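Notes for the one structure printed next.
The values are calculated or read from the model by the stated rules, or taken from the named source; none is laboratory data. Given the structure is predicted, the values throughout are model-derived calculations rather than measurements. Neighbour counts run over all protein chains shown; Cβ positions are idealised from the backbone, glycine included. Note: areas computed on protein heavy atoms with side chains; ligands, DNA, RNA excluded. Shrake-Rupley method; radii C 1.70, N 1.55, O 1.52, S 1.80 Å.
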Number of protein chains: 2
Amino acid sequence: METADTKERILEASQALVQVRGFNAFSYRDLAESVGIRTASIHYYFPRKDDLALSLVRRYHEGFRQILRQIESREVRSEGRLASYLNLFSSLSEDGLRLCLFGVFSADAASLSEEVLMEIRAFCDTNVDWVSKVLKAGQKEGAFSFSGSPLELARGIFALMEGELLVRRALRAPGPPPGIPPVVRALLSCRGDGPFAATDHIP
Amino acid sequence: METADTKERILEASQALVQVRGFNAFSYRDLAESVGIRTASIHYYFPRKDDLALSLVRRYHEGFRQILRQIESREVRSEGRLASYLNLFSSLSEDGLRLCLFGVFSADAASLSEEVLMEIRAFCDTNVDWVSKVLKAGQKEGAFSFSGSPLELARGIFALMEGELLVRRALRAPGPPPGIPPVVRALLSCRGDGPFAATDHIP
DNA sequence: GACAACCTATCTATCGATAGGTAGAATCTC
DNA sequence: GAGATTCTACCTATCGATAGATAGGTTGTC
(Lines give C-alpha, C1' and ligand atoms only; values in the text may rest on other atoms or scores of the structure.)
Protein backbone atom coordinates (compact mmCIF):
# COMPACT_ATOMS: atom_id res chain seq x y z
CA MET A 1 0.00 0.00 0.00
CA GLU A 2 0.94 3.60 -0.15
CA THR A 3 3.07 4.87 2.70
CA ALA A 4 0.71 7.39 4.21
CA ASP A 5 0.26 10.82 2.73
CA THR A 6 -2.20 9.90 0.01
CA LYS A 7 -4.69 12.34 1.43
CA GLU A 8 -2.15 15.13 1.21
CA ARG A 9 -1.28 14.18 -2.35
CA ILE A 10 -4.95 14.28 -3.30
CA LEU A 11 -5.27 17.75 -1.80
CA GLU A 12 -2.14 18.96 -3.52
CA ALA A 13 -3.24 17.66 -6.93
CA SER A 14 -6.81 18.87 -6.61
CA GLN A 15 -5.69 22.33 -5.58
CA ALA A 16 -3.65 22.59 -8.76
CA LEU A 17 -6.63 21.43 -10.80
CA VAL A 18 -8.94 23.90 -9.09
CA GLN A 19 -6.57 26.81 -9.56
CA VAL A 20 -5.97 26.07 -13.22
CA ARG A 21 -9.35 24.77 -14.39
CA GLY A 22 -11.93 25.73 -11.77
CA PHE A 23 -13.89 23.57 -9.36
CA ASN A 24 -16.56 22.43 -11.79
CA ALA A 25 -14.14 21.75 -14.62
CA PHE A 26 -12.32 18.73 -13.24
CA SER A 27 -13.62 15.33 -12.29
CA TYR A 28 -12.67 12.66 -9.78
CA ARG A 29 -11.28 10.77 -12.77
CA ASP A 30 -8.93 13.61 -13.69
CA LEU A 31 -7.88 13.84 -10.10
CA ALA A 32 -7.41 10.09 -9.74
CA GLU A 33 -5.21 9.98 -12.83
CA SER A 34 -3.19 12.91 -11.56
CA VAL A 35 -2.54 11.20 -8.23
CA GLY A 36 -2.16 7.71 -9.66
CA ILE A 37 -5.01 6.00 -7.80
CA ARG A 38 -8.66 5.12 -8.50
CA THR A 39 -11.65 7.37 -8.08
CA ALA A 40 -13.06 5.15 -5.34
CA SER A 41 -9.97 5.82 -3.28
CA ILE A 42 -10.62 9.52 -3.46
CA HIS A 43 -14.16 8.94 -2.27
CA TYR A 44 -12.65 7.03 0.63
CA TYR A 45 -10.98 10.21 1.86
CA PHE A 46 -13.49 12.72 0.51
CA PRO A 47 -16.91 11.05 0.24
CA ARG A 48 -18.49 13.93 -1.66
CA LYS A 49 -16.87 16.54 -3.82
CA ASP A 50 -18.03 19.17 -1.40
CA ASP A 51 -15.92 17.55 1.33
CA LEU A 52 -12.94 17.98 -0.92
CA ALA A 53 -13.79 21.62 -1.48
CA LEU A 54 -14.05 22.26 2.23
CA SER A 55 -10.74 20.58 3.05
CA LEU A 56 -9.15 22.45 0.21
CA VAL A 57 -10.23 25.88 1.38
CA ARG A 58 -9.41 25.18 5.03
CA ARG A 59 -5.97 23.95 4.13
CA TYR A 60 -5.38 26.93 1.88
CA HIS A 61 -6.58 29.34 4.52
CA GLU A 62 -4.33 27.77 7.15
CA GLY A 63 -1.36 27.84 4.79
CA PHE A 64 -2.00 31.49 4.13
CA ARG A 65 -2.17 32.37 7.81
CA GLN A 66 1.10 30.56 8.37
CA ILE A 67 2.80 32.52 5.61
CA LEU A 68 1.46 35.76 7.03
CA ARG A 69 2.98 34.88 10.39
CA GLN A 70 6.28 34.13 8.67
CA ILE A 71 6.21 37.48 6.94
CA GLU A 72 5.59 39.22 10.25
CA SER A 73 8.54 37.50 11.86
CA ARG A 74 10.88 38.16 8.96
CA GLU A 75 9.88 41.64 7.85
CA VAL A 76 9.89 44.28 10.53
CA ARG A 77 8.90 47.30 8.49
CA SER A 78 5.36 47.71 7.24
CA GLU A 79 6.44 48.36 3.70
CA GLY A 80 8.43 45.14 3.57
CA ARG A 81 5.45 43.27 4.97
CA LEU A 82 3.14 44.67 2.38
CA ALA A 83 5.58 43.97 -0.43
CA SER A 84 5.92 40.36 0.71
CA TYR A 85 2.17 40.04 0.84
CA LEU A 86 1.65 41.38 -2.65
CA ASN A 87 4.37 39.10 -3.90
CA LEU A 88 2.33 36.09 -2.83
CA PHE A 89 -0.13 36.87 -5.60
CA SER A 90 2.51 37.56 -8.20
CA SER A 91 4.15 34.22 -7.52
CA LEU A 92 0.80 32.54 -8.03
CA SER A 93 0.29 33.73 -11.56
CA GLU A 94 3.85 32.89 -12.46
CA ASP A 95 3.14 29.28 -11.69
CA GLY A 96 1.02 28.30 -14.68
CA LEU A 97 -1.31 31.25 -14.42
CA ARG A 98 -2.98 29.83 -11.36
CA LEU A 99 -5.72 31.74 -9.63
CA CYS A 100 -6.07 32.22 -5.92
CA LEU A 101 -8.49 29.69 -4.45
CA PHE A 102 -10.59 32.58 -3.22
CA GLY A 103 -11.15 33.86 -6.74
CA VAL A 104 -12.02 30.44 -8.12
CA PHE A 105 -14.43 29.53 -5.36
CA SER A 106 -16.04 32.94 -5.41
CA ALA A 107 -16.61 32.55 -9.14
CA ASP A 108 -18.05 29.07 -8.59
CA ALA A 109 -19.95 30.11 -5.47
CA ALA A 110 -23.34 29.05 -6.80
CA SER A 111 -22.37 25.38 -6.76
CA LEU A 112 -20.76 25.31 -3.33
CA SER A 113 -22.20 24.53 0.08
CA GLU A 114 -22.80 27.15 2.71
CA GLU A 115 -19.99 25.66 4.78
CA VAL A 116 -17.46 26.23 2.02
CA LEU A 117 -18.74 29.73 1.42
CA MET A 118 -18.28 30.58 5.09
CA GLU A 119 -14.68 29.47 4.89
CA ILE A 120 -14.21 31.55 1.76
CA ARG A 121 -15.51 34.61 3.59
CA ALA A 122 -13.22 33.85 6.52
CA PHE A 123 -10.26 33.74 4.12
CA CYS A 124 -11.25 37.12 2.76
CA ASP A 125 -11.51 38.54 6.26
CA THR A 126 -8.11 37.18 7.21
CA ASN A 127 -6.57 38.94 4.25
CA VAL A 128 -8.35 42.25 4.63
CA ASP A 129 -7.75 42.39 8.37
CA TRP A 130 -4.07 41.60 8.01
CA VAL A 131 -3.49 44.19 5.30
CA SER A 132 -5.50 46.72 7.26
CA LYS A 133 -3.30 46.14 10.30
CA VAL A 134 -0.17 46.63 8.20
CA LEU A 135 -1.59 49.81 6.70
CA LYS A 136 -2.36 51.27 10.11
CA ALA A 137 1.11 50.45 11.39
CA GLY A 138 2.71 51.84 8.25
CA GLN A 139 0.77 55.03 8.63
CA LYS A 140 2.10 55.43 12.16
CA GLU A 141 5.64 54.69 11.02
CA GLY A 142 5.23 57.28 8.31
CA ALA A 143 5.85 54.77 5.57
CA PHE A 144 2.41 55.18 4.06
CA SER A 145 0.37 58.30 3.76
CA PHE A 146 -3.21 57.84 2.74
CA SER A 147 -6.50 59.36 3.65
CA GLY A 148 -9.58 57.34 4.35
CA SER A 149 -10.28 54.11 6.12
CA PRO A 150 -7.42 51.59 6.30
CA LEU A 151 -10.00 48.80 6.25
CA GLU A 152 -11.57 50.09 3.08
CA LEU A 153 -8.18 50.52 1.47
CA ALA A 154 -7.17 47.02 2.54
CA ARG A 155 -10.26 45.61 0.93
CA GLY A 156 -9.40 47.51 -2.22
CA ILE A 157 -5.90 46.11 -2.26
CA PHE A 158 -7.15 42.57 -1.79
CA ALA A 159 -9.71 43.03 -4.57
CA LEU A 160 -7.03 44.49 -6.79
CA MET A 161 -4.83 41.44 -6.28
CA GLU A 162 -7.67 39.05 -7.06
CA GLY A 163 -8.63 41.05 -10.12
CA GLU A 164 -5.03 41.24 -11.30
CA LEU A 165 -4.87 37.46 -11.32
CA LEU A 166 -7.89 37.33 -13.60
CA VAL A 167 -6.45 39.95 -15.93
CA ARG A 168 -3.02 38.34 -16.02
CA ARG A 169 -4.55 34.99 -16.88
CA ALA A 170 -6.68 36.44 -19.65
CA LEU A 171 -3.73 38.34 -21.06
CA ARG A 172 -1.35 35.46 -20.44
CA ALA A 173 0.91 37.92 -18.69
CA PRO A 174 3.38 36.70 -16.08
CA GLY A 175 3.55 38.31 -12.65
CA PRO A 176 5.19 41.73 -12.28
CA PRO A 177 8.65 42.10 -10.76
CA PRO A 178 8.67 41.75 -6.96
CA GLY A 179 7.94 44.77 -4.83
CA ILE A 180 4.98 47.06 -4.45
CA PRO A 181 3.42 47.60 -7.89
CA PRO A 182 3.05 51.22 -9.07
CA VAL A 183 -0.72 51.16 -8.71
CA VAL A 184 -0.58 50.19 -5.06
CA ARG A 185 2.25 52.63 -4.50
CA ALA A 186 0.07 55.38 -5.89
CA LEU A 187 -2.69 54.17 -3.61
CA LEU A 188 -0.48 54.58 -0.58
CA SER A 189 1.62 57.55 -1.60
CA CYS A 190 4.45 55.64 0.01
CA ARG A 191 8.00 56.68 -0.67
CA GLY A 192 10.10 53.56 -0.22
CA ASP A 193 11.35 51.92 -3.36
CA GLY A 194 12.58 48.40 -2.69
CA PRO A 195 13.46 46.14 -4.37
CA PHE A 196 11.94 43.63 -2.04
CA ALA A 197 13.11 40.13 -2.68
CA ALA A 198 10.06 38.53 -1.18
CA THR A 199 10.19 34.83 -1.80
CA ASP A 200 7.11 33.38 -0.19
CA HIS A 201 4.91 31.21 -2.28
CA ILE A 202 1.34 30.22 -1.79
CA PRO A 203 1.43 26.44 -1.42
CA MET B 1 -43.87 29.08 -34.16
CA GLU B 2 -42.17 31.64 -31.97
CA THR B 3 -42.09 35.17 -33.27
CA ALA B 4 -38.41 35.57 -33.93
CA ASP B 5 -36.07 36.54 -31.17
CA THR B 6 -35.56 33.09 -29.72
CA LYS B 7 -31.85 33.42 -30.35
CA GLU B 8 -31.76 36.63 -28.39
CA ARG B 9 -33.73 35.07 -25.54
CA ILE B 10 -31.29 32.19 -25.42
CA LEU B 11 -28.39 34.60 -25.21
CA GLU B 12 -30.09 36.64 -22.54
CA ALA B 13 -30.89 33.63 -20.38
CA SER B 14 -27.50 32.01 -20.82
CA GLN B 15 -25.71 35.21 -19.91
CA ALA B 16 -27.59 35.31 -16.64
CA LEU B 17 -26.69 31.69 -15.98
CA VAL B 18 -23.04 32.29 -16.79
CA GLN B 19 -22.81 35.35 -14.60
CA VAL B 20 -24.45 33.68 -11.63
CA ARG B 21 -23.19 30.11 -11.89
CA GLY B 22 -20.21 30.06 -14.23
CA PHE B 23 -19.85 28.60 -17.70
CA ASN B 24 -19.24 25.00 -16.63
CA ALA B 25 -21.95 25.00 -14.01
CA PHE B 26 -25.02 25.17 -16.20
CA SER B 27 -26.27 22.80 -18.86
CA TYR B 28 -28.30 23.05 -22.03
CA ARG B 29 -31.12 21.54 -19.98
CA ASP B 30 -31.00 24.36 -17.46
CA LEU B 31 -30.87 26.85 -20.27
CA ALA B 32 -33.74 25.21 -22.16
CA GLU B 33 -35.94 25.28 -19.09
CA SER B 34 -35.07 28.90 -18.47
CA VAL B 35 -36.04 29.88 -22.01
CA GLY B 36 -39.00 27.54 -22.26
CA ILE B 37 -37.86 25.46 -25.22
CA ARG B 38 -36.07 22.13 -25.79
CA THR B 39 -32.36 21.51 -25.72
CA ALA B 40 -32.37 20.52 -29.39
CA SER B 41 -33.65 23.97 -30.25
CA ILE B 42 -30.67 25.52 -28.57
CA HIS B 43 -28.39 23.29 -30.57
CA TYR B 44 -30.19 24.58 -33.64
CA TYR B 45 -28.85 28.07 -32.95
CA PHE B 46 -25.66 27.12 -31.10
CA PRO B 47 -24.52 23.69 -32.28
CA ARG B 48 -21.79 23.40 -29.67
CA LYS B 49 -21.53 25.03 -26.30
CA ASP B 50 -18.43 26.83 -27.45
CA ASP B 51 -20.47 28.58 -30.15
CA LEU B 52 -22.69 29.87 -27.39
CA ALA B 53 -19.70 31.09 -25.42
CA LEU B 54 -18.34 32.94 -28.41
CA SER B 55 -21.64 34.63 -29.25
CA LEU B 56 -22.05 35.50 -25.60
CA VAL B 57 -18.71 37.25 -25.28
CA ARG B 58 -19.04 39.05 -28.60
CA ARG B 59 -22.48 40.31 -27.70
CA TYR B 60 -21.31 41.38 -24.27
CA HIS B 61 -18.30 43.14 -25.72
CA GLU B 62 -20.43 44.96 -28.28
CA GLY B 63 -22.95 45.96 -25.63
CA PHE B 64 -20.16 47.33 -23.51
CA ARG B 65 -18.73 49.38 -26.36
CA GLN B 66 -22.14 50.82 -27.02
CA ILE B 67 -22.55 51.87 -23.41
CA LEU B 68 -19.11 53.45 -23.43
CA ARG B 69 -20.15 55.51 -26.45
CA GLN B 70 -23.32 56.53 -24.64
CA ILE B 71 -21.31 57.63 -21.65
CA GLU B 72 -19.06 59.72 -23.86
CA SER B 73 -22.01 61.46 -25.44
CA ARG B 74 -23.76 62.11 -22.16
CA GLU B 75 -20.90 62.93 -19.82
CA VAL B 76 -18.57 65.66 -20.95
CA ARG B 77 -16.22 65.82 -18.02
CA SER B 78 -13.71 63.04 -17.42
CA GLU B 79 -14.71 62.57 -13.86
CA GLY B 80 -18.32 62.02 -14.82
CA ARG B 81 -17.24 59.55 -17.46
CA LEU B 82 -15.15 57.59 -15.02
CA ALA B 83 -17.90 57.58 -12.41
CA SER B 84 -20.38 56.26 -14.97
CA TYR B 85 -17.93 53.58 -15.98
CA LEU B 86 -17.33 52.43 -12.43
CA ASN B 87 -21.04 52.42 -11.83
CA LEU B 88 -21.45 49.76 -14.52
CA PHE B 89 -19.73 47.29 -12.25
CA SER B 90 -21.61 48.31 -9.15
CA SER B 91 -24.90 47.84 -10.93
CA LEU B 92 -23.79 44.34 -11.90
CA SER B 93 -23.31 43.08 -8.40
CA GLU B 94 -26.57 44.63 -7.30
CA ASP B 95 -28.38 42.42 -9.75
CA GLY B 96 -28.15 39.07 -8.01
CA LEU B 97 -24.44 39.27 -7.36
CA ARG B 98 -23.62 38.71 -10.99
CA LEU B 99 -20.05 38.71 -12.16
CA CYS B 100 -18.76 40.44 -15.25
CA LEU B 101 -18.50 37.98 -18.14
CA PHE B 102 -14.80 38.76 -18.31
CA GLY B 103 -14.24 37.51 -14.79
CA VAL B 104 -16.22 34.35 -15.29
CA PHE B 105 -14.61 33.42 -18.58
CA SER B 106 -11.16 34.25 -17.31
CA ALA B 107 -11.74 31.96 -14.35
CA ASP B 108 -13.01 29.23 -16.69
CA ALA B 109 -10.34 29.93 -19.30
CA ALA B 110 -8.95 26.40 -19.29
CA SER B 111 -12.12 24.98 -20.79
CA LEU B 112 -12.63 27.59 -23.50
CA SER B 113 -11.50 27.70 -27.10
CA GLU B 114 -8.76 29.99 -28.31
CA GLU B 115 -11.34 31.98 -30.24
CA VAL B 116 -13.27 32.80 -27.09
CA LEU B 117 -10.09 33.66 -25.23
CA MET B 118 -9.12 36.11 -27.95
CA GLU B 119 -12.45 37.86 -27.58
CA ILE B 120 -11.96 37.95 -23.82
CA ARG B 121 -8.62 39.65 -24.28
CA ALA B 122 -10.17 42.10 -26.72
CA PHE B 123 -12.80 42.97 -24.11
CA CYS B 124 -10.08 43.62 -21.58
CA ASP B 125 -8.22 45.84 -24.04
CA THR B 126 -11.37 47.81 -24.82
CA ASN B 127 -11.85 48.54 -21.15
CA VAL B 128 -8.27 49.39 -20.32
CA ASP B 129 -7.84 51.57 -23.41
CA TRP B 130 -11.05 53.46 -22.73
CA VAL B 131 -10.23 54.12 -19.08
CA SER B 132 -6.71 55.10 -20.04
CA LYS B 133 -8.07 57.63 -22.49
CA VAL B 134 -10.35 59.10 -19.85
CA LEU B 135 -7.48 59.28 -17.37
CA LYS B 136 -5.27 61.15 -19.82
CA ALA B 137 -8.02 63.61 -20.64
CA GLY B 138 -8.82 64.08 -16.97
CA GLN B 139 -5.21 64.78 -16.22
CA LYS B 140 -5.19 67.52 -18.84
CA GLU B 141 -8.41 68.98 -17.49
CA GLY B 142 -6.87 68.97 -14.05
CA ALA B 143 -9.58 66.69 -12.68
CA PHE B 144 -7.16 63.89 -11.87
CA SER B 145 -3.64 64.18 -10.58
CA PHE B 146 -1.66 61.02 -10.62
CA SER B 147 1.89 60.04 -11.36
CA GLY B 148 2.83 57.10 -13.48
CA SER B 149 1.48 55.58 -16.65
CA PRO B 150 -2.23 56.14 -17.37
CA LEU B 151 -2.33 52.75 -19.10
CA GLU B 152 -0.97 50.99 -16.06
CA LEU B 153 -3.37 52.82 -13.82
CA ALA B 154 -6.25 51.98 -16.12
CA ARG B 155 -5.35 48.32 -15.97
CA GLY B 156 -5.27 48.58 -12.22
CA ILE B 157 -8.72 50.15 -12.10
CA PHE B 158 -10.15 47.47 -14.38
CA ALA B 159 -8.56 44.73 -12.26
CA LEU B 160 -9.89 46.41 -9.13
CA MET B 161 -13.42 46.38 -10.52
CA GLU B 162 -13.21 42.72 -11.48
CA GLY B 163 -11.78 41.82 -8.10
CA GLU B 164 -14.40 43.86 -6.28
CA LEU B 165 -17.10 41.79 -7.94
CA LEU B 166 -15.50 38.61 -6.60
CA VAL B 167 -15.19 40.06 -3.11
CA ARG B 168 -18.72 41.42 -3.09
CA ARG B 169 -20.09 38.08 -4.15
CA ALA B 170 -18.14 36.19 -1.51
CA LEU B 171 -19.19 38.67 1.18
CA ARG B 172 -22.71 38.91 -0.19
CA ALA B 173 -22.29 42.66 -0.17
CA PRO B 174 -24.34 44.84 -2.52
CA GLY B 175 -22.70 47.44 -4.74
CA PRO B 176 -21.48 50.69 -3.19
CA PRO B 177 -23.37 53.94 -3.70
CA PRO B 178 -22.87 55.47 -7.14
CA GLY B 179 -19.89 57.68 -7.78
CA ILE B 180 -16.16 57.16 -7.65
CA PRO B 181 -15.38 54.86 -4.72
CA PRO B 182 -12.88 56.13 -2.12
CA VAL B 183 -10.20 53.69 -3.20
CA VAL B 184 -10.25 54.87 -6.79
CA ARG B 185 -10.46 58.46 -5.60
CA ALA B 186 -7.32 57.91 -3.58
CA LEU B 187 -5.75 56.37 -6.65
CA LEU B 188 -6.46 59.48 -8.67
CA SER B 189 -6.15 62.14 -6.01
CA CYS B 190 -9.10 63.70 -7.72
CA ARG B 191 -11.01 66.41 -5.95
CA GLY B 192 -14.52 66.25 -7.36
CA ASP B 193 -17.16 64.81 -5.12
CA GLY B 194 -20.28 63.89 -7.07
CA PRO B 195 -22.79 62.45 -6.47
CA PHE B 196 -22.95 61.00 -9.93
CA ALA B 197 -26.29 59.51 -10.72
CA ALA B 198 -24.94 57.21 -13.37
CA THR B 199 -27.69 54.88 -14.46
CA ASP B 200 -26.15 52.67 -17.10
CA HIS B 201 -26.49 48.97 -16.69
CA ILE B 202 -24.56 46.19 -18.26
CA PRO B 203 -27.11 44.22 -20.28
C1' DG C 1 -43.24 22.96 -51.97
C1' DA C 2 -39.28 24.92 -49.97
C1' DC C 3 -37.40 26.65 -46.18
C1' DA C 4 -37.04 28.10 -41.24
C1' DA C 5 -37.98 27.04 -36.75
C1' DC C 6 -38.99 24.25 -33.83
C1' DC C 7 -40.08 19.42 -31.87
C1' DT C 8 -39.55 14.14 -30.08
C1' DA C 9 -36.62 10.64 -29.33
C1' DT C 10 -32.34 8.93 -28.65
C1' DC C 11 -27.28 8.43 -28.56
C1' DT C 12 -22.69 8.10 -26.40
C1' DA C 13 -19.69 9.74 -22.89
C1' DT C 14 -18.99 10.99 -18.55
C1' DC C 15 -20.41 12.66 -14.08
C1' DG C 16 -20.36 11.86 -8.84
C1' DA C 17 -21.29 8.18 -6.03
C1' DT C 18 -21.85 3.42 -4.04
C1' DA C 19 -21.51 -1.63 -3.23
C1' DG C 20 -18.71 -4.98 -2.12
C1' DG C 21 -14.16 -7.25 -2.18
C1' DT C 22 -9.17 -7.83 -0.60
C1' DA C 23 -4.23 -7.47 0.99
C1' DG C 24 -1.82 -6.41 4.80
C1' DA C 25 -1.05 -4.08 9.13
C1' DA C 26 -2.68 -3.58 13.81
C1' DT C 27 -4.93 -5.22 17.78
C1' DC C 28 -7.11 -8.25 20.79
C1' DT C 29 -7.65 -12.96 23.12
C1' DC C 30 -6.09 -16.82 25.29
C1' DG D 1 3.29 -15.63 20.96
C1' DA D 2 -0.10 -17.86 17.98
C1' DG D 3 -4.32 -17.49 16.20
C1' DA D 4 -8.56 -14.83 15.56
C1' DT D 5 -10.43 -10.49 14.64
C1' DT D 6 -10.73 -5.89 13.13
C1' DC D 7 -9.19 -1.87 10.78
C1' DT D 8 -6.91 0.82 7.01
C1' DA D 9 -6.29 1.68 2.46
C1' DC D 10 -7.08 0.72 -1.37
C1' DC D 11 -9.32 -1.96 -5.44
C1' DT D 12 -13.03 -3.62 -9.37
C1' DA D 13 -17.41 -3.12 -11.03
C1' DT D 14 -21.31 -0.69 -11.57
C1' DC D 15 -25.08 2.50 -10.48
C1' DG D 16 -28.50 6.23 -11.89
C1' DA D 17 -28.24 10.86 -13.45
C1' DT D 18 -26.88 14.01 -16.56
C1' DA D 19 -23.68 16.04 -19.93
C1' DG D 20 -23.45 17.64 -24.86
C1' DA D 21 -24.89 16.26 -29.20
C1' DT D 22 -27.62 14.31 -33.33
C1' DA D 23 -31.15 12.22 -36.50
C1' DG D 24 -35.24 12.82 -38.27
C1' DG D 25 -40.11 14.28 -37.94
C1' DT D 26 -43.67 18.23 -37.66
C1' DT D 27 -45.44 22.70 -38.31
C1' DG D 28 -46.02 27.29 -39.74
C1' DT D 29 -44.80 30.90 -43.41
C1' DC D 30 -43.90 32.64 -47.78
Exercise. Would you say B:Y28 is of a type outside the set (S, T, N, Q) and open to solvent by less than 30 Å² (accessible area, probe 1.4 Å)?
Worked result: yes
Seminar exercise, completed: Being of a type in the set (S, T, Y) and within 19 Å of B:S91 (Cα to Cα) narrows B:Y28, B:Y60 down to just B:Y60
Seminar exercise, completed: Only unsatisfied item for A:A143, checking (1) farther than 30 Å from B:N127 by Cβ; (2) at pLDDT 95 or above; (3) open to solvent by 10 Å² or more (accessible area, probe 1.4 Å), is (2)
For this session: Determine whether the range A:52-74 contains at least one residue that is more than 15 Å from DNA strand D (Cβ to nearest atom), open to solvent by 10 Å² or more (accessible area, probe 1.4 Å) and more than 19 Å from A:F123 (Cα to Cα).
Result: yes
Problem set entry | Answer residue from the range B:16-67, given it is among the aromatic types (F, W, Y) and within 16 Å of DNA strand C (Cβ to nearest atom) and is nearest to the chain's Cα centre (by Cα) among those | B:F23
For this session: Could you check, for the range B:95-118, whether at least one of its residues is in contact with a Gly (Cβ under 6 Å, 6 or more places away or on another chain), more than 16 Å from DNA strand D (Cβ to nearest atom) and not hydrophobic (A, V, I, L, M, F, W, C)?
Result: no
Problem set entry | From the options A:R168, A:R98, residue that is charged (D, E, K, R), open to solvent by less than 50 Å² (accessible area, probe 1.4 Å) and part of a helix (DSSP H, G or I) | A:R168
Seminar exercise, completed: Within the range A:163-175, the residues that are within 15 Å of A:N87 (Cβ to Cβ) and within 12 Å of chain B (Cβ to nearest Cβ) are A:E164, A:L165, A:R168
Exercise. Does B:S91 satisfy the criteria of being surrounded by fewer than 21 Cβ atoms within 10 Å (Cβ to Cβ) and more than 17 Å from B:P178 (Cβ to Cβ)?
Worked result: no
Seminar exercise, completed: Within the range B:116-157, the count of residues that are among the aromatic types (F, W, Y) and within 7 Å of another protein chain (Cβ to nearest Cβ) comes to 1
For this session: Name, by its number, the condition in (1) part of a helix (DSSP H, G or I); (2) away from chain B (no Cβ under 12 Å); (3) at pLDDT below 90 that does not hold for A:R81.
Result: (3)
For this session: Kindly establish whether B:D5 is within 11 Å of DNA strand D (Cβ to nearest atom) and not aromatic (F, W, Y).
Result: no
